[in-house]
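I have placed the structure first, in the form of structure tokens, so that the comments after it can refer back to it.
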Amino acid sequence: MAEIDTETRAWLSQSRETVARTQLAPLAEAVGRVEQVADGIASVSGLPKARLNELLHFDGGRTGFALTLDADTIGAVLFDEGDTIEAGSRVTGTGEVVRVPVGEALLGRIVDPLGRPLDDKGPIDAEAFHPAERPAPAIIERDLVSRPVETGILVIDALFALGRGQRELIIGDRATGKTSIAIDTIINQKNSDIICVYVAVGQRATAVERVIEAVRTHGAPERCIFVVASASASPGMQWIAPFAGFTMAEYFRDRGGHALVVIDDLTKHAATHRELALLTREPPGREAYPGDIFYLHARLLERAAMLSAERGGGSLTALPIAETDAGNLSAYIPTNLISITDGQIVLNSRLFAANQRPAVDVGLSVSRVGGKAQHPALRQVSGRIRLDYSQFLELEMFTRFGGISDNRIKAQMDRGERIRTLLAQPRFASLRMVDQIGLLTALGAGALDAMPPADILALRARIPSLIDGRAPEVARSIAAGKPLDDVQRSELVAAVRAMVAGNSTTDPETPQ
Ligand code: ATP
Ligand code: MG
């Protein structure tokens, strides 16, 4: 037999001591019993001490959580659909709420709401497991929203600027580009310090694949987490998904970092909540939703915050998405969400059909806090654009049936047309802050008034190289967050004018 070295000997004697010290005593474990199981819900008896949201273990390694507590039964929602659970199966309480893994290891991964990998990159080495439901930061722990989230989408950054810590709802009918706005925003964080978490709730698997593919092609997927509970996932998974996504993002917020969560979408989440509530026999209220639906989404979105310097100064921005039916913003879930959030980007199917994309309805959209965080140079130019554009939209309605004779009105209409062309933006064509400021400054100075729309599109594509080449000093000053002075403004306008002039004489390639 091999010699035992001194180190092993020491370990052995230590182990013996540990075993000798260990007290063996009977362990009391709460064991319940499944009374009934159907549609992802199990009615469980015999667990009188179970708490709301407690994690429950079922026979066969299945898990679920307590959604409702009645006098002698629990309404338990199952995470995994499975035929191993039947009436009479054993259920044990854990005394723990549902927890999800958090940490840097999740970055670049596709996971289900419990943090189990859905990609083929192997197990995830989580830093810790945090509860899916966590309290929101108190008011005293918060700070004012003061730094922007740049979306790279001109109409949003200029007219409805977002700030870090803000909750902005993206709302519109089916297929009006809601997901696209959120994904373009995520892609634009490629060069920022914001970590992005995309939560898919009840989406088709192909739609989720398209989103992930888009981020892989154009963005920085290694700084994103994809939490997927697609339409085929169990109702329990879909229910917990937004909470899990927030917990994963809060990890970065609480360490002084910055994170952005997209929930795609809360209408489907509300429908899942209603389904579970009806199955557990909670009394239905308006549109058959249970009474706590407002509280459900309010306590979720309240977790978005800009933290104070004492708490590390991190932020969590939320972009929840909601779907409307025939543009009806006064339905139950849309009104709830509009009142919970700090503003909404409303997408209009009529504009979308008229090829005005992103189809942002300028009249109905609003951002209540982000304006304070807007780049000072952008704020200088965007106020005028907003006014000009809304006047144009009104004038357009009035002049639809008759010709315009007044020159001043005609000039206003021309300016409005230019703004509209500029605000339409293809996908994956994000604009840097300096490009946006350059374009709007030139527009405000009238440099684009004589330009045909096709040239405006060409200008937008060339503006980055134009500014970097002709006004690098201005670009640097804008990047440093400074407002524009008069000299810089005329430099920008001159750069654009030079290109406009060059276009018509020396650059015949540009489409007319
Ligand atoms: P759903 O209701 O199905 O979730 P949605 O509102 O999320 O739809 P998207 O899937 O984002 O809409 O977009 C619908 C279609 O519109 C997509 O094919 C997308 O490529 C196109 N689209 C969105 N934004 C733009 C844009 N700015 N320019 C051109 N096409 C766009
Ligand atoms: Mg979508």
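The values are calculated or read from the model by the stated rules, or taken from the named source; none is laboratory data. Here the structure is a predicted model, which is why all the values come from computation and not from measurement. Every residue, glycine as well, gets a Cβ built from its backbone with ideal geometry; the counts of neighbours run over all protein chains shown. Just the protein is used for accessible areas: all its heavy atoms, side chains included, with ligands, DNA and RNA removed. Shrake-Rupley method; radii C 1.70, N 1.55, O 1.52, S 1.80 Å.
Of note:
- Convex hull volume of the C-alpha atoms in the stretch 347-465, normalised per residue: 125 Å³.
- Cut-off 14 Å, label 7 Å out along Cα→Cβ of Leu278, residues of the stretch 19-52 by amide N: 39
- Across the chain, Cα pairs under 8 Å and at least six residues apart give a relative contact order of 14 percent.
- If you take the alpha carbon atoms of the chain and fit the smallest convex hull around them, that volume is 225 Å³ per residue.
- Ellipticity at 222 nm from helices only: DSSP H runs of n ≥ 4 in the chain, each -39500 (n - 2.57), divided by the residue count, give -12500 deg cm²/dmol.
- The stretch 157-295: relative contact order as a whole-number percent, Cα under 8 Å and 6+ apart: 25 percent
- For the stretch 462-503, alpha-carbon Rg relative to the globular expectation (2.2 N^0.38 Å, N residues): 1.12
- Here the stretch 434-483 is described by how far its Cα atoms reach on the three principal axes: 33, 20, 14 Å, from widest to narrowest.
- With protein chains left intact and a 1.4 Å probe, residues in the chain average 47 Å² of accessible area per residue.
- Fraction of accessible area attributable to carbon and sulfur, the stretch 87-172 (%, probe 1.4 Å): 55 percent
- Efficiency of FRET between Arg16 and Ala175 - r from beta-carbon atoms, R0 60 angstrom, step 0.05: 0.30
- Dimensionless Rg ratio for the stretch 128-257, taking C-alpha atoms and the 2.2 N^0.38 Å reference: 1.09
- q = 0.17 Å⁻¹, the stretch 383-423: log10 I(q)/I(0) [Debye, one scatterer per Cα]: -0.40
- For the stretch 377-414, the list of trypsin sites (Lys or Arg not before Pro) that fall in a loop by DSSP and count at most 16 other C-beta atoms within 10 angstrom reads Arg400.
- Taken as Cα centroids, the stretch 218-291 and the stretch 48-119 sit 15 Å apart, rounded to the nearest whole angstrom.
- Computed over the alpha carbons of the stretch 254-357, Rg followed by Dmax gives 16.4, 49 Å.
- The orientation-averaged projected area of the convex hull spanned by the Cα atoms of the stretch 71-191 comes to 13.6 nm².
- Computed over the Cα atoms of the stretch 1-116, the ratio of the radius of gyration to the Kirkwood radius (Rg/Rh) comes to 1.20.
- For the stretch 301-364, the pair-distance distribution built from all alpha carbon pairs, in bins 10 Å wide starting at 0, is 18, 40, 25, 13, 3 percent.
- Its Kirkwood hydrodynamic radius, worked out from the mean inverse distance over all distinct Cα pairs, puts the stretch 68-114 at 14.1 Å.
- Residue-normalised convex hull volume from the C-alpha trace of the stretch 1-63: 203 Å³ per residue.
- Gained length - Arg90 relative to Asn191, 0.36 nm times residue gap less alpha-carbon distance: 31.2 nm
- Paramagnetic label zone (point 7 Å from Cα along Cα-to-C-beta, Arg255; backbone N under 15 Å) in the stretch 116-153: 125-130
- With the simple spin-label model, which puts each label point 7 Å out from Cα in the Cβ direction, the Ser390 to Val487 separation comes to 3.6 nm.
- Translational diffusion of the stretch 188-241, µm² s⁻¹ [Kirkwood Rh, Cα pairs; Stokes-Einstein; 10 °C; 1.306 mPa s]: 135 µm²/s
- Within the accessible area of the stretch 337-385 (1.4 Å probe), percent carbon and sulfur: 53 percent
- On full extension, the segment bounded by Glu141 and Asp83 gains 16.2 nm, given 0.36 nm per residue less the C-alpha separation.
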